[in-house]
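For reference, the structure is listed below as structure tokens.
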Amino acid sequence: MRALVTGANGFLGRHVVGALLARGIEVRAMVRPAARLEAFDWPSSVEVFRADLRTSRELRRAFEGVDVLLHLAAVVSGGEDAQFAGTVAGTERLLDAMAASACQRLVLCSTFSVYDYSSIGRTLDEDSPLHQGPDVYTRDGYTISKWWQERVARRFVEKYGWDLTVLRPGFIWGRDHGYLAALGQRFGRHHLVIGPLTRMPMTHVENCADIFALAAADARARGQTLNVVDGPGERIWTYLSDYMRGSDQPGWRLPVPYWLAIRVVRLAFATVFRSATKVPSILIPRRLESRLKPLRFENRMLRETLGWTPPLGYQECLERTYGPTAPTATGRPGAASLAVANRRFNFRNRFSKSS
Amino acid sequence: MKAALIGAGQIARQHLSCLKTLPGVELAAICDLSPATAEAAAERYDIRAWFTDHRAMLEKVRPDVVHVTTPPTSHFGLAMDSLDADAHVIVEKPATSAFKELETLVRRAQEAGRHVIEDYNYVFNRAPQEILRRIESGEFGAVTHVEVLICLDLLGPGGFADPNSPHPALTLAGGAIADFLPHLASLAHFFVGPHRTAQTVWTKRKSSLLPFDEFRAALDAERGTAALGFSSSSQPDAFWLRVYGERMQATANLYETRLTFDGPRNVPKPLRPFFSGLEEGKTIRHAALATLLRKFKGPGALEGLWELIARTYRALADGSALPVTASHVLEVNRMVEALKPKEQRP
């Protein structure tokens, strides 16, 4: 089996490449023309295909001999229009090229952001309501572009009869990506922690990559839409403590109950910012909800459909993220497991040597 | 009036947002090569129809006005097709990539009894319009000189130097800076009229995809002189406009709301700088607050685009003089042509 991976040098993509190789799947890694790959140390069996989904004219060649497309590429920085052009129009161009090939299988990386948090009561699962247009345009550029990307993919699948698996990861964390938007608001080294006891929908990048590789290989994933979280998630306060210790960035933390924060923001929005269009996300009630609303998250569908359990537990994930001196659950460096952790850390970063 | 738009990218958002506020204007259709981009814009702005083929849109919708907001090299063909469909055209700057194309476009518009309006949005920002008001009232005195300097980091994130996806403006003579020449030229033309001679300096300070990253020009024009410039090295980002009159001088940063005047004062001459400084400080403090507040709402620095579009539609509806006429467009683009580099690389 040969897989085409878009965004292959991205934070998730580089781990997905490693996970596919570990399952014996050949990989064609699509990266942007100017991407620097020296740090990745990919084996020679990985075929690199350089293209930019926004402009490249040679996308059809990328699908030659490909059995499955893992579409991870998205533009996550820049303005709303740049994100839309890169993520959505780029997906259109990519899937147009796929339609001219023999490839019939698509695994799409979506996101929890497509869910309409405002309409969800207690538990967010695969049956929870999604945003509806035109309401979606009140959300941030990332949400709009990812919601549209999934919409575009489903239209292509319906038109061409492909097999589709949509994976919707929660917050993906890992080495050099320890800080998450769900942690509240950062002011330099200090943090406003909104809802400190809320559990976050999170997945470590290596666990997440493992499920993408499994979905590509396992026929049971076909036709499925699955949320990807490692479990019920860590509490914001706990995870932030680990992040601050692990990244050696001490600072103050001011806890604020979620119910108080959302009421203040709603009041401010109804009075001061009523018709404003360029307010920071955290001051817009519906965007605050999508980052911080306390809900239950679970991976029941993932377990039942694919029999998947995360390969790495939370403590191991901390070690992968912060190195052998990562904090433990009790807040002490994991000195006892230093040698083991060191060995694992070096091994697992074969495919993730970032600068 | 029925409005349609071709090219649903970043600047299109400002056109569409403005059109939604104009009485008597119906946003009838939108077109983009990307179906999702066109459909998303139609959903967001409640536009009745969306297309991926502009000719199909023109034929089916028969708009009164077409806004062309695509990359510059496609403007000419799209504007010509729109004129052929009997529509007026509001085209983003630069209207065409070559002056000959512009002449053809203007001639075609005149033959068809239609108008071509190029977007000179910064001319219609509050600051230049307030300076104009004082000039027309006689308070400012005759303008002798104007300076326009844009400082903008072209090489920064999201800028023009993305090595993965070269910006369409890089194909213009002068590269990314050429995208800003209509702003410089339209402001110079607004205050001192058509140019007679122009001297230019195009240089490159940093290694990048850009053919040039610095530009300076000195112009002799019908009503005064002008010094124009673009710097992608000088920071912070700013859009400085300085107008020198026989009685007053004005300074504005068009990326902000700052506008200060310095002129005669009814105080002893030695005290004039002191009182001028006090007043300038007060004006700048107020402008700082206004700049902050406008970040929350509205078009921000693109306020002039909204004003230009509103004035254009009013003029088209009641048959009065357009804010940007065919002679303006030709004269500004003659100036742009004179400012372009003679060679693509220094």
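Only residues that are touching a Ser or Thr at 6+ places or on another chain (Cβ under 9 Å), away from chain B (no Cβ under 14 Å) and in contact (Cβ under 8 Å) with a residue 60 or more places away in the chain: list them for region A:92-107, please.
Answer for region A:92-107, where residues must be touching a Ser or Thr at 6+ places or on another chain (Cβ under 9 Å), away from chain B (no Cβ under 14 Å) and in contact (Cβ under 8 Å) with a residue 60 or more places away in the chain: A:Arg105, A:Val107.
Kindly state which strands (runs of 3 or more DSSP E) lie completely within region B:237-346 and contain at least 2 residues that are under 30 Å from B:Lys206 (Cα atoms).
B:238-245, B:249-253
Between B:Asp81, B:Asp53, B:Asp64, B:Asp46, which is farther than 25 Å from B:His189 by Cα, surrounded by fewer than 16 Cβ atoms within 10 Å (Cβ to Cβ), away from every other protein chain (no Cβ under 14 Å) and not hydroxyl-bearing (Ser, Thr, Tyr)?
B:Asp53
Based on what the data block shows, is B:Phe76 touching an Asp or Glu at 6+ places or on another chain (Cβ under 7 Å), of a type outside the set (A, V, I, L, M) and either crowded, with 21+ Cβ neighbours inside 10 Å or over 30 Å from A:Gly90 (Cβ atoms) (or both)?
Spelling it out, it is not the case that B:Phe76 is touching an Asp or Glu at 6+ places or on another chain (Cβ under 7 Å), of a type outside the set (A, V, I, L, M) and either crowded, with 21+ Cβ neighbours inside 10 Å or over 30 Å from A:Gly90 (Cβ atoms) (or both).
Every residue in region A:135-169 that is farther than 23 Å from A:Ala181 by Cβ and in contact with a Lys or Arg (Cβ under 6 Å, 6 or more places away or on another chain), please.
Answer for region A:135-169, where residues must be farther than 23 Å from A:Ala181 by Cβ and in contact with a Lys or Arg (Cβ under 6 Å, 6 or more places away or on another chain): just A:Asp163.
Please go through region B:229-283 and give me each residue that is more than 22 Å from the chain's Cα centre (by Cα) and within 14 Å of B:Glu147 (Cα to Cα), ordered by number. I'd like the intermediate steps shown before the answer.
Here is the first cut: in region B:229-283, the residues more than 22 Å from the chain's Cα centre (by Cα) are B:245-249, B:261-283.
Once the filter is applied, which keeps residues that are more than 22 Å from the chain's Cα centre (by Cα) and within 14 Å of B:Glu147 (Cα to Cα), region B:229-283 yields B:Gly245, B:Gln249.
Just one of the numbered conditions (1) touching a residue at least 24 places away in the same chain (Cβ under 8 Å); (2) surrounded by 15 or more Cβ atoms within 10 Å (Cβ to Cβ); (3) more than 14 Å from chain B (Cβ to nearest Cβ) is not true of A:Ala89; which one?
If we test A:Ala89 against (1) touching a residue at least 24 places away in the same chain (Cβ under 8 Å); (2) surrounded by 15 or more Cβ atoms within 10 Å (Cβ to Cβ); (3) more than 14 Å from chain B (Cβ to nearest Cβ), just (3) comes out false.
Looking only at region A:257-284, how many residues end up being surrounded by fewer than 16 Cβ atoms within 10 Å (Cβ to Cβ) and either modelled with pLDDT of 90 or more or more than 14 Å from every other protein chain (Cβ to nearest Cβ) (or both)?
Within region A:257-284, residues that are surrounded by fewer than 16 Cβ atoms within 10 Å (Cβ to Cβ) and either modelled with pLDDT of 90 or more or more than 14 Å from every other protein chain (Cβ to nearest Cβ) (or both) number 8.
Condition check: in a helix (DSSP H, G or I), modelled with pLDDT under 90 and either touching a helix residue (DSSP H, G or I) at 6+ places or on another chain (Cβ under 6 Å) or charged (D, E, K, R) (or both). Does A:Arg291 satisfy that?
yes
Would you point out which residue out of B:Ala238, B:Ala250 is of a type in the set (Gly, Ala, Ser), out of contact with any helix residue (DSSP H, G or I) (no Cβ under 9 Å at 6 or more places or on another chain) and touching a residue at least 40 places away in the same chain (Cβ under 8 Å)? Give the derivation first.
Numbers: B:Ala250 fails: out of contact with any helix residue (DSSP H, G or I) (no Cβ under 9 Å at 6 or more places or on another chain).
The conditions single out B:Ala238.
Failed condition for A:Ala8, given (1) assigned to a helix (DSSP H, G or I); (2) in contact (Cβ under 8 Å) with a residue 60 or more places away in the chain; (3) within 17 Å of B:Asn164 (Cβ to Cβ), with all others met?
(1)
Before we move on, is B:Leu316 at pLDDT 90 or above and within 14 Å of chain A (Cβ to nearest Cβ)? Before you say what the answer is, go through the steps one by one.
Details: at pLDDT 90 or above: yes; within 14 Å of chain A (Cβ to nearest Cβ): no.
The answer is no for B:Leu316.
The values are calculated or read from the model by the stated rules, or taken from the named source; none is laboratory data. Because the structure is predicted, anything quoted here is derived from the model rather than measured. Cβ atoms come from the backbone with ideal geometry, glycine included; neighbour counts cover every protein chain shown.
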